[in-house]
Amino acid sequence: MADAFATITQRRMTGGFRIDGIDGKNLHLDPGPGALVRSYQFGVNPLKLHGILVSHSHTDHYSDAEVLIEAMTRGMTRKKGLVIGSQSVIKGYQRWGPCISEYHLSRSQVEVMEAGDKRRVGDIQVTATPTRHGDPKNIGFRLEWDGFTLSYTSDTAYFPELHQYHQNADVLIASVIRPGNEKIRGHLCADEFQELLEETSPKLAIMTHLGMKFITDHPREEAEKITRATGVETIAAQDGMVIDLDKFRPQQQTLDEY
């Protein structure tokens, strides 16, 4: 894994991110190591989750899924919430996964998604987007509700059609491992993310899941450079960062980065 050292050293927190207030629901995406502890650290209650989405079977994306399910279901005492995951996460695929036990899945609604699949979660439409990554069943997530779209690439290499699946997003979140043009297999570098923004023109772009080299190589300056080049407001995520998305849509919600 390209950012394994960021994960095992915790130089950068690896708990994924949470979106609160989507149609009255709170969702946690890609809860890697520390998701539960960081939720409490930053004052976000995991007992108030309604859904957990896991893109693929790398530990830095799924390792805290089971403890968050336990929180969501009040210690597995209630039938509550939704778990969405790729085939590798939920059922396993070849040497990938499964990553969540049948016991933990037994207390929530479970949806297995592959690229191109669509699911309705109340008034939210969830679309699984294609990726190019080590786990062949890895997916991104596109969430649409009330005329607003938040799109998340998950871990993926750049490929010519990538922009098609993230067009018209109000907010685009991407895993960007390396700065500049330092390409690495199965992941985006900052220059490739810039190209993706030029093709999609979201209102807000967020680089997350930064690798060790990117952490120490001025991510804020890289984000400012991309903003100047594309005209798209671009942010390099920081630990504990909270973004109020209210200015991008009529109703208020927040995104918390762990």
- Task: May I ask you to list the residues in the stretch 181-215 that are of a type in the set (S, T, N, Q), touching a helix residue (DSSP H, G or I) at 6+ places or on another chain (Cβ under 6 Å) and in a loop (DSSP other than H, G, I, E, B)?
- Result: Asn181
- Message: Any residue at all in the stretch 200-209 that's touching a residue at least 60 places away in the same chain (Cβ under 8 Å) and open to solvent by 40 Å² or more (accessible area, probe 1.4 Å)?
- Response: no
- Message: Restricting to the stretch 225-249, and then to whatever is of a type in the set (A, V, I, L, M) and outside any loop (DSSP other than H, G, I, E, B), can you tell me which residue is most open to solvent (accessible area, probe 1.4 Å)?
- Response: Val242
- Looking at Tyr165, Tyr152, which one is open to solvent by 10 Å² or more (accessible area, probe 1.4 Å), aromatic (Phe, Trp, Tyr) and touching a Gly at 6+ places or on another chain (Cβ under 8 Å)? Tyr165
- Task: Scan the stretch 124-149 residue by residue and report those that are open to solvent by 10 Å² or more (accessible area, probe 1.4 Å), over 22 Å from Phe193 (Cβ atoms) and either of a type in the set (A, V, I, L, M) or in a strand (DSSP E or B) (or both).
- Result: Gln125
- Item | Subset of the stretch 23-56 that is closer than 21 Å to Arg107 by Cβ and of a type in the set (S, T, N, Q) - its residue that is most open to solvent (accessible area, probe 1.4 Å) | Asn45
- Could you please find all residues in the stretch 101-123 being open to solvent by less than 30 Å² (accessible area, probe 1.4 Å), touching a strand residue (DSSP E or B) at 6+ places or on another chain (Cβ under 7 Å) and modelled with pLDDT of 95 or more? Leu105, Ser108, Met113
- Message: Exactly one condition in (1) in contact with a Phe, Trp or Tyr (Cβ under 9 Å, 6 or more places away or on another chain); (2) modelled with pLDDT under 95 is false for Gly147; which is it?
- Response: (1)
- Task: Could you look through the stretch 79-92, keep only residues that are closer than 19 Å to Thr131 by Cα and of a type outside the set (A, V, I, L, M, F, W, C), and pick out the one that is surrounded by the most Cβ atoms within 10 Å (Cβ to Cβ)?
- Result: Ser86
- Query: Which of the residues belonging to the stretch 81-100 are part of a strand (DSSP E or B) and in contact with a strand residue (DSSP E or B) (Cβ under 6 Å, 6 or more places away or on another chain)?
  - Reply: Leu82, Val83, Ile84, Gly85
- Task: Give Arg18, Arg95 a once-over and let me know the one that is open to solvent by 50 Å² or more (accessible area, probe 1.4 Å) and not aromatic (Phe, Trp, Tyr).
- Result: Arg95
- Considering each residue of the stretch 210-224, count those that are open to solvent by 10 Å² or more (accessible area, probe 1.4 Å) and either within 14 Å of Leu172 (Cα to Cα) or in contact (Cβ under 8 Å) with a residue 12 or more places away in the chain (or both), and give that number. 8
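The values are calculated or read from the model by the stated rules, or taken from the named source; none is laboratory data. All values reported here derive from a predicted model rather than from experimental measurement. For neighbour counting, all protein chains shown are included, and Cβ atoms are generated from backbone atoms with ideal geometry for every residue, glycine included. The protein model used for the area step is the full one, side chains on, heavy atoms only, and it has no ligands, DNA or RNA in it. Shrake-Rupley method; radii C 1.70, N 1.55, O 1.52, S 1.80 Å.
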